Amino acid sequence: MPPSASGLVDGHQHSGPAFPATPPREILDAAGELLRALAAPVRIAIVLQLQESQRCVHELVDALGVPQPLVSQHLKILKAAGVVAGERSGREVLYRLADHHLAHIAIDAVAHAGEDR
């Protein structure tokens, strides 16, 4: 459904850059990979945590309340997708968002999911 003049679609406010009806296949493929990397609640929570500041694995474990191996597995997926980057600091690796713009995808998804609750 196209947005109204006010930007409302199905009663929700939507904004963002306008794209041609169908972007090039390479862009669609890259967007699909990015969305697949974010398609897990733990990974969304990691992105939201890293949006606040860089964190090491044990800080993410404490904040999220999930086991360390699970956090590490999800960080590996996010890193492979270019969502997060890690930098060694002594014996730990500090993780940060590779691009803070990516946090908006997670923030918007969480906000949208909570709109009707």
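Taken together, the values in this text are just the output of simple stated rules run on the coordinates, not laboratory data. Since the structure is predicted, the reported quantities are computational estimates derived from the model, not experimental observations. Cβ sites come from the backbone with ideal geometry, for glycine too, and all protein chains shown count toward neighbours.
Computed from phi, the 3J(HN,Hα) profile of the range 51-59 under the Karplus parametrisation 6.51, -1.76, 1.60 (θ = phi - 60°) reads 5, 6, 5, 5, 9, 8, 4, 5, 5 Hz, with x in place of Gly and Pro.
Applying the Karplus relation 6.51 cos²θ - 1.76 cosθ + 1.60 with θ = phi - 60° to the range 96-105 yields 3J(HN,Hα) values of 9, 5, 5, 8, 5, 4, 5, 4, 5, 4 Hz, where x marks Gly and Pro. List the residues, sorted by chain then number, that are 5 or more residues from Val84 or on another chain and whose placed amide H is less than 5 Å from its amide H. So Val84 has HN proximity to Lys79, Ala98. As a rough guide to protection, the peptides 102-114, 50-62 ranked by mean Cβ packing within 10 Å, highest first, stand as 50-62, 102-114.
Here the spin labels are modelled as points 7 Å beyond Cα on the Cα-Cβ line, and at Asp29 and Gln68 they lie 3.8 nm apart.
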